[in-house]
Amino acid sequence: MASQSETSFGARLRKAQDIQTFISQFPGYNPPRPQESLAGFTTLINSIIATNADETNKQQLYKAAVDTRKAAFLRTTGSVDKLLTPIRGAVEAQYGKKSTEAIAIAAIIRNMRNTKLIQLPTNPNQPNTQTTISQSERSYGSMTQYFNDIINTLTQFVGYNPSNNAIKIPALQTQATNLTTLNNNVATRIQNLTTARATRITLYTDLKDRASRIKAYVKAQYGNNSNEYNLIKGIKI
């Protein structure tokens, strides 16, 4: 189901297209500015249609990036949280439960488990979401850093070589690189979506202004009680 915001944008575009249809049939329609001409208004509408499609695409890419990153960190096979227990168990088995190595790894794991991953908002451009985005990115950044700390600590342990391939150092390093890539991808998608929505808002602001000017011109050209003005005067964008 489309959000209320998306429905509103679609409704406003539909009304603009109604104005476009009406003025195309007005005899002698020739406003003083090219922006309100049929060609100029059509160009703006086409730009809005393209921008709406671009925003939808960027919204989908944003959601996919958020979901993919979350899966890499939580509750899926091979995710970071699923690796912590095997890592701790491997260290305790090799070096002893009360060894310096086990204590060091346990401390980092404890910090990771105390870090709450904050969910990103569905719409990063809604009011008051910047704080949530900042908190979310910090939480994922912290988890990534702790994971790197585990890897760096394991590399210092003499002879660390578990039989589980998923927690060998090369595999963990690959995972860490992937986490950084996923974090960067989410940040890029947020920026791209924010830019697309800012562009769309600018276009819709222009659309509202042009529709108002078209009404003023039609009223002046054809008269307050004309059929032409009556067709468009009640259309609000």
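The residue list T122, T129, T100 contains one member that is at pLDDT 95 or above and among the hydroxyl-bearing types (S, T, Y), which is T100. Of all residues in the range 25-76, those that are surrounded by 16 or more Cβ atoms within 10 Å (Cβ to Cβ) and hydroxyl-bearing (S, T, Y) total 4.
The test for being closer than 14 Å to F147 by Cβ and in contact (Cβ under 8 Å) with a residue 60 or more places away in the chain holds for A72.
May I ask you to list the residues in the range 104-147 that are touching a residue at least 60 places away in the same chain (Cβ under 8 Å) and touching a helix residue (DSSP H, G or I) at 6+ places or on another chain (Cβ under 7 Å)?
Step one: list which residues in the range 104-147 are touching a residue at least 60 places away in the same chain (Cβ under 8 Å), which gives 120, 123-125, 140, 143, 147.
Selection gives L120, P124, N125, Y140, M143, F147.
Scanning the range 77-94 for residues that are exposed (fewer than 13 other Cβ atoms within 10 Å of the Cβ) and either modelled with pLDDT under 95 or basic (K, R) (or both) returns T77, G78. Residue count for the range 40-97, restricted to those that are out of contact with any Asp or Glu (no Cβ under 9 Å at 6 or more places or on another chain) and not in a helix (DSSP H, G or I): 6. For beta carbons closer than 8 Å, sequence separation of 6+ or different chains, a first residue in the range 155-183 that is in contact (Cβ under 8 Å) with a residue 24 or more places away in the chain and polar (S, T, N, Q) and a second that is surrounded by fewer than 16 Cβ atoms within 10 Å (Cβ to Cβ) and in a helix (DSSP H, G or I), the qualifying pairs are N164/P86; N183/G141. The residue that is surrounded by the fewest Cβ atoms within 10 Å (Cβ to Cβ), among those in the range 14-24 that are under 33 Å from the mean Cα position of the chain (by Cα) and without any contact (Cβ under 8 Å) to a residue 60 or more places away in the chain, is R14.
So, E101, is that one surrounded by 13 or more Cβ atoms within 10 Å (Cβ to Cβ) and either touching a strand residue (DSSP E or B) at 6+ places or on another chain (Cβ under 8 Å) or in contact (Cβ under 8 Å) with a residue 12 or more places away in the chain (or both) or not? Yes, satisfied. Checking each residue of the range 216-237 against the condition of being aromatic (F, W, Y) and within 29 Å of the chain's Cα centre (by Cα) gives no match.
If you go through the range 183-237 one residue at a time, how many are among the β-branched types (V, I, T), closer than 26 Å to K58 by Cβ, surrounded by fewer than 17 Cβ atoms within 10 Å (Cβ to Cβ) and in contact with an Asp or Glu (Cβ under 9 Å, 6 or more places away or on another chain)? Within the range 183-237, residues that are among the β-branched types (V, I, T), closer than 26 Å to K58 by Cβ, surrounded by fewer than 17 Cβ atoms within 10 Å (Cβ to Cβ) and in contact with an Asp or Glu (Cβ under 9 Å, 6 or more places away or on another chain) number 1. With the structure loaded, tell me whether S139 is exposed (fewer than 14 other Cβ atoms within 10 Å of the Cβ), at pLDDT 95 or above, of a type in the set (S, T, N, Q) and under 23 Å from A104 (Cα atoms) or whether it fails that test. The answer is no for S139.
Does R213 satisfy the condition of being under 28 Å from G234 (Cα atoms), over 23 Å from the mean Cα position of the chain (by Cα) and of a type outside the set (A, V, I, L, M)? Before you say what the answer is, go through the steps one by one.
Numbers: under 28 Å from G234 (Cα atoms): yes; over 23 Å from the mean Cα position of the chain (by Cα): yes; of a type outside the set (A, V, I, L, M): yes.
Here the answer is yes, as R213 does meet what is asked.
The values are calculated or read from the model by the stated rules, or taken from the named source; none is laboratory data. As the structure is a prediction and not an experimental result, all values here were calculated from the model. In this analysis, Cβ positions are derived from the backbone assuming ideal geometry, glycine residues included, and neighbour counts consider all displayed protein chains.
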